[in-house]
Structures are given as C-alpha cells and as structure tokens.
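The values are calculated or read from the model by the stated rules, or taken from the named source; none is laboratory data. Note that this is a predicted model, so its numbers are computed, not measured. Positions of Cβ are generated from backbone atoms using ideal geometry, with glycine treated the same way; all protein chains shown enter the neighbour counts.
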C-alpha cells in the first residue's frame, strides 16, 4: 500500500499535493499530511521540486481559507452558527476560538492548523470579526507555511525510511482510529447526559419570546441579560433593547447589578440556549427565584419581529447597559 501511494504521488506530483491539501482545508476529512510527507521524501531524491511542493501546498491552504474567510466576512454569525450546529460540541465549538481570537487576534491563524478543530473555524471567525484581508493573508500564509514545512520536512529528513514511516502511519492510524472512536463515543455520551440534565432542570423555567414581549409591554420590566461573549457580539451586534451585556463568567457582576427579587430573562444565540441555561442555573444557586432562559434565544426574538438594537462595543469583562 505504501509503495502504491508513493508511485501515485510521484506520477501526479504537484497536482495531487495541491488537490489533497485544498480538499482537506475545505473541510473534507481527507488527511493531507501523509501526502506531503511522501512528497517531501520524493523531493529529497529530486523526483519532485521541493519549492514547488511547498508552494502548491501553501497556495491550496490560502485558497480554501480565503473562501472560508469570505463566508465569515459576508455572512458573519450565520456561518459561525452553521459551523457550530454541525460541530460535535455545538454548545461550545466557537467559544474557545472566540477566546483565542480575543487574546491573539489575527495571530491565532499562526497556530490554527496545528490545533484540531480550530483550522476550519478560524478563517470564517476572523472574517466575521472584521480582520482585514491583508493581515489575514499574512498570518494565514505564515501559519500555512509553518504547517506545510513541518510535514514536508519530515518526509525530506526521513526519505530513506519512507516505506517504514508510511507503514507506521498506517498502523498508527488504525490504532488511533479505534482509540479516538472510543473516546468520541464516551465524549458524546457525556455531553448528551450533561445537556439532558441541564435542560431537564430548567425545562419548566423557560420563557417564550411572546411572554417576554408581553411582560415588557405590560410594565413588568424583567431584567434581560445577554450572556454572549464579547467576541460573539462583535460577530452579531443585535441585542434586545434594555439588555445588560454580560457573559458566562460575569455571574458575580450580574448579582451586583440585579436585585435578588427581580425577574431575570437570560438569552444567547447558542443551540439549546446552553450558555443562557448555564448562567440561569448559576443565578438560581445565588438565590434568584425568577430567572429563566429565553426559549430560542435572540434568533427567536428577532424572527418574531420584536425590536432589536445594535450593541456598542463593550469593554471586556464589564457588565453594561445597552441603552
């Protein structure tokens, strides 16, 4: 099998490397690292040009990432929500990427391809959050170059042992697949059970968008809290009028700002209102008796035709009034 792969890459050369990397970076689970390793080994014997292998692989990365970047730039939160909903962990798939972007900004692209799950999410995320094209190309190009260089260098350095390396990769792949499959099953079961327990606990405590609108119109004036991250609000600036801007780590500040006897409505834009449910549960443990997540979150409120505003840029870690 290893010999067939080597012969295939030697025959079709740079075109196969380009297509393989492009398809993988587009999101299809077709690993490109083994192909680049073999291409590096062939480059060591001058059967393929080393500079050409690196160039076509980096070009493929940039083309695929630019497509994701454009999607995030033009469709913003819609692209991120789509990625979030098809993720294995839809409640938090974008959260860690948002945090990394807040910390590193465009520099996240330098390491994105080395972090499982971040490679596909990072380009549309930075596009949705307004990173300009020039910095994107610079950071993504450098990150892609480092990733390609590592794979190609492995093949170049270990060219004489390429058959053994390919066999080892194949064997490790089978073992790793079985191991990861078991971990994945355990992980999915745990996530399902955690979500099931949380939703069961708060099932009777939810409020519909019509009930919230009626409460506001009737003068009850519940305290409305937006618990999306700052990065999420940069992507999607919609907020419900009068909402407090917080996040899942601002429970103490919410407690300081809202009396215990107040009625609270917590909302987000994540599937199953997960972040809102987490904050609502935390507030219940602090003594709040009338706290409920908004069923369907901000998307349901907007879809029902109720008023929304555009949030000003909020300072990190500060709970503030939107109006």
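Applying the condition of being under 18 Å from residue 235 (Cα atoms) and over 23 Å from the mean Cα position of the chain (by Cα) to region 290-302 and asking which residue is surrounded by the most Cβ atoms within 10 Å (Cβ to Cβ) yields 301. Going through (1) out of contact with any helix residue (DSSP H, G or I) (no Cβ under 9 Å at 6 or more places or on another chain); (2) modelled with pLDDT under 60 one by one, residue 298 falls short only on (2). Of everything listed in (1) without any contact (Cβ under 8 Å) to a residue 60 or more places away in the chain; (2) surrounded by fewer than 21 Cβ atoms within 10 Å (Cβ to Cβ), the single unmet condition for residue 225 is (2). Residue count for region 27-56, restricted to those that are loosely packed, with under 13 Cβ neighbours inside 10 Å and either modelled with pLDDT of 90 or more or part of a helix (DSSP H, G or I) (or both): 1.
Looking at the structure I just gave you, is residue 243 crowded, with 16+ Cβ neighbours inside 10 Å and more than 22 Å from residue 72 (Cα to Cα)? For residue 243, the condition - crowded, with 16+ Cβ neighbours inside 10 Å and more than 22 Å from residue 72 (Cα to Cα) - is met.
Take residue 62 and decide whether it is part of a loop (DSSP other than H, G, I, E, B) and modelled with pLDDT of 85 or more. So residue 62 fails the test.
Within region 108-116, is there a residue that is at pLDDT 70 or above, under 17 Å from residue 231 (Cα atoms), in the same structural domain as residue 25 (by TED's automatic domain parsing) and in a helix (DSSP H, G or I)? So far as region 108-116 goes, yes, one or more of its residues are at pLDDT 70 or above, under 17 Å from residue 231 (Cα atoms), in the same structural domain as residue 25 (by TED's automatic domain parsing) and in a helix (DSSP H, G or I).
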